[in-house]
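Enquirer: I have a structure I would like to understand better, so I am pasting it below and will then ask my questions one at a time.
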There are 2 protein chains.
Amino acid sequence: MSSTKTESNSAAPTRFIETNGHSYAYRRFGGGSALPLILLQHFTGTLDNWDPAVTDPLSSGREVILFDNAGVGRSTGDVPVTIAAMARHAAAFLEGLGIKRCDVLGYSLGGMVALQMVQDQPSIFRRMILVGTAPRGGEDIMHLEKPSLAKRIQDPANKGYDVLRKIFFTSSAASQAAAEAFVHRISQRSDDRDPVSGPNVASAQTAAFREWEVPAGERFADLSHIPHPTLVVNGVHDEMIPVVNSYRLSENLPNAVLLTYPDAGHGSLFQYPESFTRHAAAFLSSPFESAVF
Amino acid sequence: MSSTKTESNSAAPTRFIETNGHSYAYRRFGGGSALPLILLQHFTGTLDNWDPAVTDPLSSGREVILFDNAGVGRSTGDVPVTIAAMARHAAAFLEGLGIKRCDVLGYSLGGMVALQMVQDQPSIFRRMILVGTAPRGGEDIMHLEKPSLAKRIQDPANKGYDVLRKIFFTSSAASQAAAEAFVHRISQRSDDRDPVSGPNVASAQTAAFREWEVPAGERFADLSHIPHPTLVVNGVHDEMIPVVNSYRLSENLPNAVLLTYPDAGHGSLFQYPESFTRHAAAFLSSPFESAVF
């Protein structure tokens with residue numbers, strides 16, 4: 001697409017592609033001369049969990065493509081229980097769209113899928129943004145059963161998106177104000193919404209986290225073979241996937257810049273969307289082989 | 001100064017101010033409406049160790065002030081053996097210049113002095129940039145005697161600035177090419193140069209590192225009381241002051257953004273001066289109370 005028109009995840013129609021024996025739900029909007037950017041979503045997240053304050057600015061100058069992996073939202077099939085299988089679905093989806101080269105933004109679970117995909121098919125990807133995620137063999141990945149998280153997740157006072165305010169943000173007044181703005185933004189879309197993920201999505205994706213926590217051979221050695229320029233982003237107080245995992249990513253990927261945000265948890269990109277999208281766009285726009293921007 | 005003329009550390013005259021019973025050597029150049037930025041220097045570094053590729057872009061829009069602490073370069077007195085005493089000299093110098101409010105960029109040893117100064121006189125400082133440095137109680141701070149560093153420092157083949165190429169940069173071809181460009185830049189100034197620091201400077205500053213490694217009370221608790229917006233920068237392969245110290249800074253300072261650079265050691269700001277000064281200038285130019293830029 002050569003249009004530079006910027007649309008919004010609040011309004012872009014959901015589309016479906018039949019490929020790989022599945023029907024995958026997706027949205028694509030924006031456009032421009034830059035490579036398209038595929039966004040890979042977090043635990044239990046659907047198309048509707050992508051914050052327009054993140055997707056929309058990024059869709060200026062490039063197409064942004066959001067995607068429901070198998071069994072999530074309105075995509076058919078079973079939710080895979082490994083990152084590797086999720087990566088195969090995402091690859092089939094890209095192939096179905098005819099996309100031969102793109103950039104990728106993987107958030108949380110989606111960052112793991114992105115890491116797997118660039119190892120499976122390095123030539124498809126140019127640049128990678130990894131937010132609030134962990135390498136294979138990372139530590140304390142999405143242990144929602146630990147007391148600090150469980151009490152917030154199980155609190156019956158948290159209805160709908162309320163739980164995201166508690167687990168994606170810190171308890172500070174500033175972070176909670178940002179949380180409220182975030183929930184307001186992702187609630188704006190009034191129709192053509194995905195169904196909310198149920199316990200079957202959560203349990204399969206949790207199995208995938210447990211498998212991903214097991215190192216394959218020497219811990220983090222796989223990262224040394226990923227030359228792609230990478231921007232790693234995290235909140236310093238992320239309790240779902242602690243920031244130490246971002247440290248290991250930026251230390252072991254040979255070509256990664258790390259950016260961490262203060263007073264922020266797992267949802268740092270949603271807490272500081274203006275800063276995040278400005279840095280992400282500058283990173284994506286760099287013509288150099290170095291991640292440094 | 002209201003001029004926006006940008007000068008260079010390759011040519012700016014060295015000046016002297018008599019105050020606090022000392023004569024302090026300094027340079028000031030650039031100008032603009034932003035607060036002046038004082039730069040605090042690394043172990044054994046003099047005015048001539050400030051890379052023009054860092055100082056000169058930062059002097060656009062603001063005055064940049066470089067300073068030799070007591071006993072270093074052409075400043076009189078004994079080199080202090082504590083960070084606290086170095087901070088008192090720097091404070092006296094600022095007072096002598098009549099500077100009541102400024103930003104500070106502290107690199108390595110200079111970052112420790114900056115941290116001490118903002119705790120001693122919080123109201124003088126607005127924003128802080130800390131590069132390749134460590135909080136009080138940090139780990140593995142400037143242990144030049146450890147084998148990995150000692151062999152490079154003691155190699156008789158390393159003359160003059162050659163040692164900086166070995167200890168500020170990594171061994172990669174790209175980093176060594178950046179090292180050569182750095183050494184070329186700091187060698188450009190042909191007269192009015194500082195004398196090179198001798199062993200007395202090194203031994204006193206090393207004593208200061210050893211004292212700074214000892215926590216005062218609960219480790220890193222002092223950082224929680226520093227509200228100043230802070231940008232923390234480090235190379236991920238810093239062997240002189242490992243990046244873990246930057247992690248502790250950005251986790252424990254309440255208002256700090258962390259930026260780390262790939263394939264970079266202690267001299268990350270000199271390896272990537274274009275990126276560093278662009279981010280530093282954006283950070284310094286932010287009108288907000290948050291460090292997020």
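Enquirer: Output ³J(HN,Hα) for region B:35-40: one whole-Hz value per residue in order, computed from phi by the Karplus curve 6.51 cos²θ - 1.76 cosθ + 1.60 with θ = phi - 60°, and x for Gly and Pro.
Expert: Calculated HN-Hα couplings, in order: 4, x, 10, 9, 9, 10 Hz.
Enquirer: Between region B:141-171 and region A:252-287, what is the C-alpha centre distance in whole Å?
Expert: What the calculation gives is 33 Å, centre to centre.
Enquirer: At a 1.4 Å probe, what is the % contribution of carbon and sulfur to the accessible area of region B:197-293?
Expert: Values: 1890 of 3230 Å².
Answer for region B:197-293: carbon and sulfur cover 59 percent of the accessible area.
Enquirer: Right, something else. Zone of A:Ser171 (label point 7 Å along Cα→Cβ, backbone N under 17 Å): which residues in region A:126-159?
Expert: Residues passing the 17 Å test: A:146-158.
Enquirer: Search the structure for amide H atoms under 5 Å from the amide H of B:Ile129, placed 1.01 Å from N in the peptide plane, and list their residues when 5 or more places away or on another chain.
Expert: B:Val104, B:Leu105, B:Gly106, B:Leu231
Enquirer: Excluding the sites themselves, what is the longest stretch of chain B that contains no GluC sites (Glu not before Pro) in a DSSP loop with at most 14 other C-beta atoms within 10 Å?
Expert: On the way: sites that count: B:Glu139, B:Glu145, B:Glu218, B:Glu289.
For GluC sites (Glu not before Pro) (loop position, at most 14 other Cβ atoms within 10 Å), the longest site-free span of chain B is B:1-138.
Enquirer: Could you tell me which trypsin sites (Lys or Arg not before Pro) in region A:48-134 are loop residues by DSSP with no more than 16 other beta carbons within 10 angstrom of their beta carbon?
Expert: On the way: sites: A:Arg62, A:Arg74, A:Arg88, A:Lys100, A:Arg101, A:Arg126, A:Arg127; in loops: A:Arg62, A:Arg74, A:Lys100, A:Arg101.
Counting only loop positions with at most 16 other Cβ atoms within 10 Å, the trypsin sites (Lys or Arg not before Pro) in region A:48-134 are A:Lys100, A:Arg101.
Enquirer: Let me ask something else. What quantity of accessible surface, computed with a 1.4 Å probe and excluding non-protein components, is buried in total between chains B and A, in Å² to the nearest 100? Can you show the working numbers first?
Expert: Details: alone 11560 and 11580 Å², together 21380 Å².
Buried area between the two chains comes out at roughly 1800 Å².
Enquirer: Calculate the spin-label point distance for B:His225 paired with A:Asp155, positioning each point 7 Å from the Cα along the beta-carbon direction, and give it in nanometres.
Expert: 3.1 nm
Enquirer: OK, next. Calculate what fraction, in whole %, of the accessible area of region A:145-191 sits on carbon and sulfur atoms when a 1.4 Å probe is rolled over the protein chains.
Expert: Numbers: 1490 of 2700 Å².
Roughly 55 percent, rounded to a whole number.
Enquirer: Next up: Please report, in debye to the nearest 20, how large the charge dipole of the protein assembly as shown is about its Cα centre when each Lys and Arg carries +1 at its beta carbon and each Asp and Glu carries -1 there.
Expert: Working: 50 positive and 60 negative charges, 147 e Å.
About 700 debye.
Enquirer: Quick one: pull the percent of accessible area on region B:20-129 belonging to carbon and sulfur, 1.4 Å probe, ligands and nucleic acids left out. Mind dumping the intermediate values first?
Expert: Values: 1390 of 2850 Å².
That fraction is 49 percent.
Enquirer: Using the heavy atoms of the protein chains alone and a 1.4 angstrom probe, what is the accessible area of chain A per residue in square angstrom?
Expert: Working: 10710 Å² over 293 residues.
Computed with neighbouring chains in place, this is 37 Å² per residue.
Enquirer: Apply 1/(1 + (r/R0)^6) to the Cβ-Cβ distance of B:Arg101 and A:Ser148, taking R0 = 41 Å, and write down the FRET efficiency to the nearest 0.05.
Expert: Numbers: r = 40 Å, r/R0 = 0.98.
Result of the calculation: an efficiency of 0.55.
Enquirer: Helix-only mean residue ellipticity at 222 nm, chain A, DSSP H runs n ≥ 4 weighted -39,500 (n - 2.57), per residue, nearest 500. What is it? Walk me through the numbers on the way to the answer.
Expert: Details: 10 runs with 101 residues, N = 293.
After summing the helix terms and dividing by the residues of chain A, the value is -10000 deg cm²/dmol.
Enquirer: Name the shape class, rounded, prolate or oblate, that the alpha-carbon gyration tensor gives for region A:20-78, where a ≥ b ≥ c are the square roots of its eigenvalues, rounded holds for a/c under 1.5, and otherwise prolate holds if a/b is larger than b/c and oblate otherwise.
Expert: Numbers: a/c = 3.07, a/b = 1.70, b/c = 1.81.
It comes out oblate by the Cα gyration axes.
Enquirer: For B:Thr19, what residues show an amide H to amide H distance below 5 Å, using hydrogens built from the backbone and excluding near sequence neighbours?
Expert: The list, which skips near neighbours in sequence, is B:Tyr24.
Enquirer: Once the label point is placed 7 Å from Cα along Cβ, list for A:Ser290 the distances to the corresponding points in the other copies, in nm, shortest first.
Expert: 2.9
Enquirer: Additional query: Could you tell me the calculated FRET efficiency between A:Ser286 and A:Ser23, based on Cβ-Cβ distance and R0 = 41 angstrom, to the nearest 0.05?
Expert: Numbers: r = 36 Å, r/R0 = 0.88.
Once rounded, the FRET efficiency stands at 0.70.
Enquirer: Another question, then. Taking a ≥ b ≥ c as the square roots of the eigenvalues of the Cα gyration tensor of chain B, is the shape rounded (a/c under 1.5), prolate (a/b larger than b/c) or oblate?
Expert: Working: a/c = 1.18, a/b = 1.07, b/c = 1.11.
Since a/c stays below 1.5, the shape of chain B is classed as rounded.
The values are calculated or read from the model by the stated rules, or taken from the named source; none is laboratory data. Keep in mind that this is a model prediction, so the values were computed, not measured. In this analysis, Cβ positions are derived from the backbone assuming ideal geometry, glycine residues included, and neighbour counts consider all displayed protein chains. SASA here: full protein model, heavy atoms, side chains in, ligands and nucleic acids out. Shrake-Rupley method; radii C 1.70, N 1.55, O 1.52, S 1.80 Å.
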